[in-house]
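*Asks:* Quick one: the structure is below, questions incoming.
Just so you know, all these numbers are worked out from the coordinates, no wet-lab data involved. Bear in mind the structure is a predicted one, so any value in this text is a computation, not a measurement. Cβ placement follows ideal geometry from the backbone for every residue including glycine, while neighbour counts extend to all protein chains displayed.
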Amino acid sequence: MDQLEQSVADRILVLQRVHAREVVARDKAEAVRDAALGSDKRAAAEARVRTYEASIERLERDITELEGRQDAEYQRWKRSAHERRYGPPTFEHLLDVEFVIE
């Protein structure tokens, strides 16, 4: 379980870094949009801003999901770890061995 928790913490950290880069890129795109003189350039810059905002919202949703441990992948791995640890033991027939004493 410790490995699973560390994995989630690492994923959160990576997503937070990507989020920070997207916020900086959005801010730059907003500056370009505000400085645009023509309507075509302004519309293109506005489209880039909207793209960054959608990406930022998706990242925030993913981070919140991971922090609440509601991520589907986390749930699957947690269930698997729980079954391995607390499930009934299973036995597998591996070899047929015959001892002959002469």
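*Asks:* Give me the one-decimal nm value for the distance between modelled label points at E98 and T51, 7 Å along each residue's Cα-to-Cβ direction.
*Replies:* 7.2
*Asks:* Once you wrap a convex hull around the alpha carbon atoms of segment 2-84, what is its projected area averaged over all directions, in nm²?
*Replies:* Details: hull surface 23.0 nm².
Hull-based average projected area comes out at 5.8 nm².
*Asks:* Still on this model: Under the rule of -39500 (n - 2.57) per DSSP H run of 4 or more residues, summed and divided by the residues of the chain, what mean residue ellipticity at 222 nm is obtained, to the nearest 500 deg cm²/dmol?
*Replies:* Numbers: 3 runs with 78 residues, N = 102.
Using -39500 (n - 2.57) per qualifying helix, the result is -27000 deg cm²/dmol.
*Asks:* At 24 Å minimum axial length over the Cα atoms and a Kyte-Doolittle cut of 0.0, report the qualifying DSSP H helices in the chain, or say none. List each step's numbers first, then the result.
*Replies:* Values: long enough: 2-35 (50 Å, -0.40); 39-67 (41 Å, -1.00).
Taking the DSSP H segments of the chain (at least 24 Å long, mean hydropathy at least 0.0), we get none.
*Asks:* Sort out for me the Cα centre separation of segment 1-17 from segment 20-48, rounded to whole Å.
*Replies:* 32
*Asks:* Provide the packing ranking of 26-33, 65-72, i.e. peptides ordered by the mean count of other C-beta atoms within 10 Å per residue, highest first. Present the calculation step by step, with values, prior to reporting the outcome.
*Replies:* Values: 26-33: 15.5, 65-72: 12.8.
By packing density, highest mean first, the sequence is 26-33, 65-72.
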